[in-house]
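Undergrad: One structure, as structure tokens, below. Some questions next.
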Amino acid sequence: MEEQRTPEKQGLAITAEALYMLNLLFPFLPLLALGIIYFRNRNNPSLFLRSHIIQPWIAALISTALFILINVIAGIAGGYTSMDKLISIHSLVALEVYTLLVILPFLVPGLLGLTKAMSGLAWRYPLIGRFL
């Protein structure tokens, strides 16, 4: 039986997917907003809404944890400033690693999830969706 997707549900799903993608570029603040949406709607009976809220929440947590891990490793490896107070090579490497290993692979499922939410269709993230 097909559940009815109201504009409110669809708007909330689109917001959650957009916040997830925004979290890839600006970690923490979009994660906080996505967390508020998640905790308010995690027990919603709508499978459409839960799939577009739970999966971005988990993916945002993973990407933020990877962001923190990469920055901690860069800080341990040599910090963020060189002797003449310019940007160090460690921070540039950390930025490249985050861009190539986190943003790009996490962006594709986010874009697909956003387009599915805009179309009113359910979406299952490739790795995360298998466990939910």
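The values are calculated or read from the model by the stated rules, or taken from the named source; none is laboratory data. Just so you know, these numbers come straight off a predicted model, no measurement behind them. So basically every Cβ, Gly included, is an ideal-geometry build from the backbone, and we count neighbours across all protein chains shown.
Undergrad: Can you name the residue in the range 117-130 that is without any contact (Cβ under 8 Å) to a residue 24 or more places away in the chain and assigned to a helix (DSSP H, G or I) and, of all such residues, is surrounded by the most Cβ atoms within 10 Å (Cβ to Cβ)?
TA: Restricting to residues being without any contact (Cβ under 8 Å) to a residue 24 or more places away in the chain and assigned to a helix (DSSP H, G or I), the top hit is Ser119.
Undergrad: Restricting to the range 10-53, give me the number of residues that are in contact (Cβ under 8 Å) with a residue 12 or more places away in the chain, more than 18 Å from Leu111 (Cα to Cα) and assigned to a helix (DSSP H, G or I).
TA: Number satisfying all stated conditions: 6.
Undergrad: Follow-up. Only one of Arg5, Arg40, Arg50 is of a type in the set (Lys, Arg) and under 20 Å from Phe131 (Cα atoms); which?
TA: The conditions single out Arg50.
Here is a yes/no grid of residues against (1) surrounded by fewer than 14 Cβ atoms within 10 Å (Cβ to Cβ); (2) modelled with pLDDT of 90 or more:
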site: Ile58; (1), (2): no, yes
site: Gly78; (1), (2): yes, no
site: Val97; (1), (2): no, no
site: Phe106; (1), (2): no, yes
site: Leu132; (1), (2): yes, no
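Undergrad: While we're on this one: Against the condition not hydroxyl-bearing (Ser, Thr, Tyr) and not in a loop (DSSP other than H, G, I, E, B), how does Leu101 come out, does it pass?
TA: Yes: the conditions hold for Leu101.
Undergrad: Name the single residue that is modelled with the lowest pLDDT among those in the range 65-75 being touching a helix residue (DSSP H, G or I) at 6+ places or on another chain (Cβ under 9 Å) and loosely packed, with under 14 Cβ neighbours inside 10 Å.
TA: My answer is Gly75.
Undergrad: Can you tell me which condition Leu25 does not meet? The list is (1) surrounded by 11 or more Cβ atoms within 10 Å (Cβ to Cβ); (2) within 28 Å of Val97 (Cβ to Cβ), and all the others hold.
TA: (1)
Undergrad: If you don't mind, there's one more thing I want to ask. Does any residue of the range 56-65 turn out to be in contact (Cβ under 8 Å) with a residue 40 or more places away in the chain, touching a Pro at 6+ places or on another chain (Cβ under 6 Å) and at negative phi?
TA: Yes, the conditions are met somewhere in the range 56-65.
Undergrad: Of the numbered conditions (1) touching a helix residue (DSSP H, G or I) at 6+ places or on another chain (Cβ under 8 Å); (2) at pLDDT 95 or above; (3) more than 17 Å from Trp123 (Cβ to Cβ), Leu32 fails exactly one; give the number of that condition.
TA: Result: Leu32 passes all but (1).
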